[in-house]
Amino acid sequence: MTTKKKKRLSTFAIWASILGFVVGVIALVVAIILSSSSAKQIDKVNTKLVNYDPLTRDKVLQEKEKMLVDQGTLLAEKEKKIKELKKALDESCASTEQERQEAQAEIAKGNMGRARELFDRSIARKCGFLAEDYYQLGNAYFVDKKPDYRAALAAYREADRLSPGNAEYLNMIGLVYRVLGQYGQAKDYLEKTLAIREKVLAADHPDLATSYNNLCTIYYAMGQLDQARDYGQRAVAILAKLFPNGHPNLDIMRQNLAGIEARAGKKKK
């Protein structure tokens with residue numbers, strides 16, 4: 001091969017490489033633009049354009065400006081929709097707090113049907129305190145003259161789902177399971193309640209005595225008398241300290257504890 005031919009082939013290879021690089025750069029820029037319209041990616045495109053030829057840069061910048069305009073339009077429409085929804089929500093929730101207070105008053109009067117109606121209305125509006133609404137709805141089912149324990153359980157569990165780790169919600173779930181005779185599940189929830197209360201309450205708080213007593217009754221029902229006696233003794237110790245002159249609940253707990261000890265004694269014989 002002659003020297004001239006070699007030079008021509010070499011020149012052709014160089015130009016082909018340059019053309020391939022330019023085509024690759026343009027393809028990269030277009031791919032970046034088409035991939036996303038986020039502000040962060042637009043900034044990246046803008047940075048990369050600094051090293052490219054003016055014609056390509058101008059074209060891409062025009063596309064970028066169009067995307068920014070489209071984004072601005074979408075954001076404006078979104079803000080408008082949010083304001084409309086907020087206004088509708090505020091108008092819907094205006095009377096909710098009053099209805100909650102009315103529902104609480106109905107529970108105190110024993111009018112559980114009316115209380116449930118008001119809490120259902122508040123829940124449907126989703127106007128804050130939703131977990132507490134479900135909890136109170138559960139109470140309206142639980143303490144009714146004709147309790148609906150399944151409905152109460154569903155309401156309490158929903159309250160716990162919306163606000164996990166609330167000792168009051170967990171405690172009521174445990175108590176419903178106890179009433180339903182599902183002692184294993186009752187024990188699990190009442191132990192969770194106790195664990196939370198032991199962390200946040202004073203050692204002689206009456207709610208701790210309540211938790212100890214609840215677990216005492218569960219273990220007694222399960223025939224685990226040693227555990228029942230242990231929790232019963234803890235409950236009695238707290239109430240005896242809080243009410244040195246006596247209290248009806250303390251008398252009941254002492255009677256229950258005496259019954260547990262008597263049964264445990266018979267079992268050993």
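Remarks
- Relative contact order (percent, whole number), segment 168-229, Cα cutoff 8 Å, 6+ residue spacing: 28 percent
- Look at Phe243, Phe119, Phe129, Phe142 and count the other Cβ atoms within 10 Å of each Cβ; fewest to most, that gives Phe243, Phe129, Phe142, Phe119.
- Filter on Lys146/Lys192; Lys78/Lys126; Lys109/Lys146; Lys187/Lys241 - keep pairs with C-alpha separation over 23 Å: Lys146/Lys192; Lys187/Lys241
- Those residues of segment 138-169 whose amide nitrogen sits under 20 Å from the label point placed on Ile252, 7 Å along Cα→Cβ: 139-149, 168-169
- Sorting the Cα pairs of segment 181-269 by distance into bins of 5 Å, from 0 upward, gives 3, 15, 25, 23, 19, 11, 4, 1, 0 percent per bin.
- Residues Ile260, Ile196, Ile218, Ile252 arranged by fewest to most Cβ contacts within 10 Å: Ile252, Ile196, Ile260, Ile218
- Compactness ratio for segment 91-218: Cα radius of gyration over 2.2 N^0.38 Å (N = residue count) comes to 1.10.
- Taken as Cα centroids, segment 189-241 and segment 115-162 sit 26 Å apart, rounded to the nearest whole angstrom.
Here, each number is a calculation from the coordinates, and none is a lab measurement. Just so it is clear, the structure is predicted and the values come from calculations on it, not from any experiment. Note: ideal-geometry Cβ built from the backbone for every residue, glycine included; neighbour counts use all protein chains shown.
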